[in-house]
Amino acid sequence: MLGAKLARRIVLPLLVAVAALFAILGVVAVRIANQRVERELEEKATRIAGTLGTIPQLHAEILEALAELMDVGLVIDPYAVGPGLDGVRAADLQPTLTPGEPWQQSVGGRAYVVIERTVQRHGRCLVLAAVERVAERQRDVLMPIAIAGAVGLLVAILFGLVVARAIARPVKRLADSVRGFGEGRYEGGVGARGPGEIGELQEAFARMVEAIRAGEAKLRESERFAALGRLAGGIAHELRNPLTAIRMAVETGMRAEEGDGRRIALSEIDRLDRTLREMLDFVRPRKPRLVSVDARRLFEDVAALLKPQCDHLRVRLEVEAPGGLALMADEDRLKQALLNLVLNGAQAQPRGGVVRMRARGGPGGAVLEVEDLGGGIPEEVMGSLLQPFVTTKEGGIGLGLAVVAQVAEEHGARLDFRTGKGGTTFSIAFPG
């Protein structure tokens, strides 16, 4: 598109300029043709007058032969030679312009260009050329000029197209490269080098792309090391606390508090398992295995798995889902996403509360929602909440919501959230 626009911007002004030039040349050519034909007529009249001046006695046969040879009519009293000139006298043809210059006059219903000459011994001689014959001669003179002009215009158009293409193609390649660079595609370069300043601009852009590519490679490496550091620190923190609790539970396992120690140990082991599973799910995603999943049964399974922890947090789980609502999903991956959302909602209500799991279907597809009545998400993390290692929980590694976003993306679903002081609602909208 850019190349075509640029070509038009180059070719159209060139064509307009060339057309204007040829229009001016056409006017000049017509004027030159008229002057040339007029000069030819005057030369004919002069030669005729000179020839007649050498003849002592005029005869009609001589005049007819001369008129046919010169393709004109002659009126020299008492003779009038030519089509439609019978009986015409010199006195009948009076000049309407300056004497000595050609003029037009109608004789017998036919228009003529009349030129007057004085012939020695015989007096006034009028040479008459039919206007249509004059026009034919003018066309004959103009034809080579018109052909040359048409050829010149065609050459100008072809030259303009060649020049426009030579300029537009490298500019288009450069524009495509810039567009691809803006979209994050750095491969492919800028193509063949264009002429002049365009080539210099391409080289400068290629150098800039290489510099940015090298800088981004270093930045990604730095970010990778920083992410590994955050991940290692988070995992160390997450593993140290459960291991400490398990150790204490084991040490008290033989005492009277054996039941509590067993419960604590099992709870912390579940916590360890969940942390490791989140990490593995995030760093080693797999292609979802889609099957028909009943939304209500899925919610009930999630509620059953999290009931002990929610009871401990004094959080009530509510399920709102119509029977028979099914969606195509990877059940294990979707269950993991819902476990993360429900557990986050429960932990957002340390003094107890409610977490609701809702499902609804429609023409646009199924929508799963998890709502809590906590205090909402802090504004400072709202823009980066779904990114890895972003968390609002003390000691969390920030992979729970990142895994949820990853699961939604794997299913082609859209993950959204609404938050405020009255709570937060996460929704996963599946395509129909």
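Here are some notes:
- When 58, 93, 74, 85 are checked against the criterion of being of a type in the set (A, V, I, L, M), in contact (Cβ under 8 Å) with a residue 60 or more places away in the chain and surrounded by 14 or more Cβ atoms within 10 Å (Cβ to Cβ), 58 stands alone in meeting it.
- Scope the range 304-315; condition surrounded by 15 or more Cβ atoms within 10 Å (Cβ to Cβ) and at pLDDT 90 or above; matching residues: 315
- Flag for residue 105 being in the same structural domain as residue 58 (by TED's automatic domain parsing), surrounded by 15 or more Cβ atoms within 10 Å (Cβ to Cβ) and in a helix (DSSP H, G or I): no
- Residue-level analysis places residue 337 outside the set of residues that are of a type in the set (A, V, I, L, M), in contact with a strand residue (DSSP E or B) (Cβ under 6 Å, 6 or more places away or on another chain) and buried (at least 19 other Cβ atoms within 10 Å of the Cβ).
- Any hit, the range 33-50, residues being in contact with an Asp or Glu (Cβ under 6 Å, 6 or more places away or on another chain), surrounded by 14 or more Cβ atoms within 10 Å (Cβ to Cβ) and of a type in the set (Val, Ile, Thr): no
- The single condition among (1) modelled with pLDDT under 75; (2) out of contact with any Pro (no Cβ under 8 Å at 6 or more places or on another chain); (3) surrounded by fewer than 17 Cβ atoms within 10 Å (Cβ to Cβ) that residue 174 does not meet is (3).
- The range 73-89, residues that are assigned to a loop (DSSP other than H, G, I, E, B) and either within 10 Å of residue 125 (Cα to Cα) or not hydrophobic (A, V, I, L, M, F, W, C) (or both): 77, 78, 82, 83, 84, 86, 87, 89
- Hits in the range 303-349 (condition: in a strand (DSSP E or B) and out of contact with any Pro (no Cβ under 8 Å at 6 or more places or on another chain)): 315, 316, 317, 318, 319, 320, 326, 327, 328
- First in the range 352-365 and within 15 Å of residue 302 (Cα to Cα) and modelled with pLDDT of 90 or more, second anywhere and in a strand (DSSP E or B) and among the hydroxyl-bearing types (Ser, Thr, Tyr), Cβ under 9 Å, 6 or more apart: 356/425; 358/425; 358/427
- Any hit, the range 52-59, residues being in contact with a His (Cβ under 7 Å, 6 or more places away or on another chain), assigned by TED's automatic domain parsing to the domain that holds residue 90 and in a helix (DSSP H, G or I): yes
The values are calculated or read from the model by the stated rules, or taken from the named source; none is laboratory data. If you're wondering where the values come from, they're calculated on a predicted model, not measured in any experiment. Ideal geometry is used to build each Cβ from the backbone, glycine not excepted, and the neighbour counts take in all protein chains shown.
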